[in-house]
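Remarks on the structure that follows.
The values are calculated or read from the model by the stated rules, or taken from the named source; none is laboratory data. Everything quoted here is computed from the prediction, not taken from an experiment. No Cβ is skipped: glycine too gets one built from the backbone with ideal geometry, and neighbour counts run over all protein chains shown. We work out accessible area using only protein heavy atoms, side chains counted, and drop any ligands, DNA or RNA first. Shrake-Rupley method; radii C 1.70, N 1.55, O 1.52, S 1.80 Å.
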Amino acid sequence: MKKRTGEPWMAADEFGRSLPRGVGLNLLVPEIAETETFLREVLGANTIYADADFAAIEIAGSVLMLHADHSYADHDMAGVVAGVEARGTGVEIRIYGLDPDRVEARAAAVGHFVLAGSADKPHGLRECHIVGPSGYIFVPSRAIPRQDSPRAT
């Protein structure tokens, strides 16, 4: 059942055809507004469009979609998230090119749970783990600059 009262900013089929090749994420969330606000205020995302049923979000050059649980009532996945508080168990939503220290500070400032604070990791990234409003884990990260090793003479 849709909660939207007006027309969306573009037809669904037009939006679908506009998406670039590659991997896309669609997160099912209890309510759009809370996750859209988190993505915008904490992760610095740009909201392309949002209503009570759906949101299209640009983050670090990629498009992320949010669908409210109620909008999936007639979808095959309708029962997958019914009654589930924390979503995406075992999934990290990694966002490369975001400063984890800034994201961590913004998240903490507005009361979001920081699962793991910013730290340099052996795989060459500085990252942190933030729990979003629906329990999804977001991992902003940036490459650690190379340090030239002293050369033997």
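Looking at residue 34 and the list (1) open to solvent by 70 Å² or more (accessible area, probe 1.4 Å); (2) modelled with pLDDT of 75 or more; (3) assigned to a loop (DSSP other than H, G, I, E, B), which single condition is not satisfied?
(3)
Criterion first (open to solvent by less than 40 Å² (accessible area, probe 1.4 Å), under 16 Å from the mean Cα position of the chain (by Cα), of a type in the set (Ser, Thr, Tyr) and over 20 Å from residue 61 (Cβ atoms)) does residue 118 satisfy it?
It is false that residue 118 is open to solvent by less than 40 Å² (accessible area, probe 1.4 Å), under 16 Å from the mean Cα position of the chain (by Cα), of a type in the set (Ser, Thr, Tyr) and over 20 Å from residue 61 (Cβ atoms).
Within the range 90-125, track down each residue that is touching a residue at least 12 places away in the same chain (Cβ under 8 Å), assigned to a loop (DSSP other than H, G, I, E, B) and of a type outside the set (D, E, K, R).
Residues satisfying the conditions are 91, 97, 98, 110, 112, 113, 124.
Let me confirm something: among 130, 59, 144, 95, which residue is of a type outside the set (Lys, Arg) and touching a Phe, Trp or Tyr at 6+ places or on another chain (Cβ under 6 Å)?
130
Kindly list the number of the only condition in (1) closer than 30 Å to residue 18 by Cα; (2) at pLDDT 90 or above; (3) among the hydrophobic types (A, V, I, L, M, F, W, C); (4) open to solvent by 30 Å² or more (accessible area, probe 1.4 Å) that fails for residue 105.
(1)
When the residues of the range 109-133 are filtered to those that are at pLDDT below 95 and among the small types (Gly, Ala, Ser), which remaining residue is farthest from residue 40 (Cα to Cα)?
Here the answer is 124.
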